[in-house]
Amino acid sequence: MDFGFSEEQELLRAEVRKFLDQNCPLEEVRKLAETPAGFSRHLWERMAELGWVGLTLPDEHGGVGLGWVDLAVVLEETGRTLFPSPLVATVLAATAIDRAGDAAQRARWLPALACGTSIGTVALLEGSDDPDPAGIALAGSSEGSGFALHGEKLFVTDAQNADLFVVAFRAPQGPCLGVIERGAPGVAALPHELMDPTRRAGRLVLDGARIPREALLGSPGAALATTQRLCDCGATAVVAEAVGAAEAALALSVDYAKTRIQFGQPIGRFQGVKHPLAEMVVEVESLRSLLYYAAWLLDRDAPEAPLAVSRAKAFAAECFPRIGIDCIQLHGAIGYTWEYDAQLYLKRAKWTRPAFGDAAYHHERIARLGGL
């Protein structure tokens, strides 16, 4: 493994950071968070033009043909500014179609996802909130050569903005993945209210929604590996954003410690402030190392990838909320107020903790994958 970034990856990072600094600083993020959609269509189109949406998709379908390490570079920067967009949701939907779909399905859906004219998402979770395929309870009843779905999927990221849903359900043959488009009969997306105002999620209600054979990804019952892969990719994406957000919270705390005067000197000179800041640095750098190793293994479809992903997500679920809390505490009482940005990073940390499995889930998975 090369422990350094390539020149192209460093240029990509610089390009993303410059774009976000110029077009969507935190002041703009706050404005977008108050809109019904929660993101800017104009900025979404520009991101797609720059190739970020189709970064991991093959070039024959309008993508760039890069990997998860490159995507992690982009997501680290979007996390740094808490940039609101359906990027992660769309990438996951495209990943499912690219890995499990046939040539006709890839040609039908991937170009629109890669160029941003279509927004996708994955509907995996239900009432159990279990990211494993074993948590899929939604049953598909046979209807001709396809299936009909009656039930609901919960915590669907960007559900109200999505044009296309990749839905996990269970057939007699086993786990399945199917594509349902917005506006299809029996499909309704209802919003959830979240703690993090920069995120959008919803409930997908399926009242007899049909998945014909041509919309089924793979053969019936053959979606186990793809569903597990989607959970690993989702966890990696969430960790990538957490790295950027945690580093931004650290920078915010450092800047405040340099300028807040108490007893005639900056509070950053006091050990009670220095030590938490030093611990935050160690945790951010440790999390970054875990992230990029997991992304590197995902790019290679390595057998060790699930274990590396769980290590990264377990640590993110523990350390990012700690960093968010320390950021608030180092700002004192003003850190809780809406006018200061510290509370936004704590809310993102609280959202990140359970996304694609909390620390307890991933610690148990680490033990299981390690043979314990």
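Any read-out appearing in this document is the output of simple, stated calculations on the displayed coordinates, not a laboratory observation. None of the values given here were measured: they were computed from a predicted structure. Neighbour counts run over all protein chains shown; Cβ positions are idealised from the backbone, glycine included.
Determine, from the Cβ-Cβ distance of D255 and Q173 and an R0 of 51 Å, the FRET efficiency 1/(1 + (r/R0)^6), rounded to the nearest 0.05.
Rounded to the nearest 0.05, the efficiency is 0.35.
Can you tell me the 0 to 90 degree angle between the C-alpha axis of helix 224-259 and the longest principal axis of the chain, rounded to 10?
So the inclination is approximately 20 degrees.
How far is it, in nm, from the label point at S141 to the one at Q228 when both lie 7 Å from their Cα along the line to the Cβ?
3.2 nm
On a 0 to 90° scale, report how tilted helix 7-23 is relative to the longest principal axis of the chain, with both axes built from alpha carbons and the result rounded to the nearest 10.
Once rounded, the angle reads 80 degrees.
Number of Lys pairs in the chain with C-alpha atoms less than 28 angstrom apart, excluding same-chain neighbours closer than eight positions?
Count of close lysine pairs: 18.
So, in nm, how far is label K274 from label A302 when the simple model puts each one 7 Å beyond its Cα toward the Cβ?
3.8 nm
If you keep only loop residues by DSSP, which GluC sites (Glu not before Pro) in the range 185-282 have at most 11 other Cβ atoms within 10 Å of their Cβ?
Answer in residue order: E193.
Compute the distance from the alpha-carbon center of the range 244-291 to that of the range 104-120, in whole Å.
Using only Cα atoms, the two centres lie 42 Å from each other.
Run through the DSSP bridge list for the chain and note the antiparallel percent, rounded to the nearest 5.
Antiparallel bridges make up about 85 percent of those DSSP assigns within the chain.
Quick one: which residues, 5 or more positions from E143 or on another chain, have an amide H under 5 Å from its amide H? H modelled 1.01 Å from N in the peptide plane, none for Pro or chain starts.
So E143 has HN proximity to A148.
Tell me the net charge near L204. Cut-off is 12 Å between Cβ atoms, L204 excluded, with +1 for each Lys or Arg and -1 for each Asp or Glu.
-1
Could the peptides 92-101, 180-189, 336-345, 282-291 be put in order, highest first, of the mean number of other beta-carbon atoms found within 10 Å of their residues?
92-101, 282-291, 336-345, 180-189
Modelled label-to-label distance, S128 and I334, 7 Å Cα→beta-carbon offset: nm?
So the two model labels end up 4.9 nm from each other.
Residue by residue, what Karplus-based ³J(HN,Hα) values in Hz, rounded to whole numbers, does the range 80-88 have, using 6.51, -1.76 and 1.60 with θ = phi - 60° and x for Gly and Pro?
Along the range 80-88, the couplings run 4, 9, 6, 4, x, 6, x, 4, 4 Hz.
With angles folded into 0 to 90 degrees, how steeply does helix 359-369 sit against the dominant principal axis of the chain? Use alpha carbons for both and round to 10.
Its long axis makes an angle of about 60 degrees.
What does the charge dipole of the range 225-369 about its Cα centre add up to, to the nearest 20 debye, if the Cβ of each Lys and Arg holds +1 and the Cβ of each Asp and Glu holds -1?
Magnitude of the dipole: close to 200 debye.
Using r as the Cβ-Cβ distance of E27 and D102, and R0 as 41 Å, what FRET efficiency do you calculate, to the nearest 0.05?
0.35
Among G51, T95, V282, pick out the residue whose Cα is farthest towards the positive end of the charge dipole of the chain, where Lys and Arg carry +1 and Asp and Glu carry -1 on C-beta, about the Cα centre.
V282
Give me the dipole magnitude in Debye, nearest 20, for the range 7-114 about the Cα centre, with unit charges on the beta carbon: positive for Lys and Arg, negative for Asp and Glu.
Result for the range 7-114 is approximately 400 debye, rounded to the nearest 20.
Which value, in debye to the nearest 20, describes the size of the charge dipole of the range 243-293 about its Cα centre when Lys and Arg Cβ atoms bear +1, Asp and Glu Cβ atoms bear -1, and nothing else is charged?
For the range 243-293, the charge dipole is close to 240 debye.
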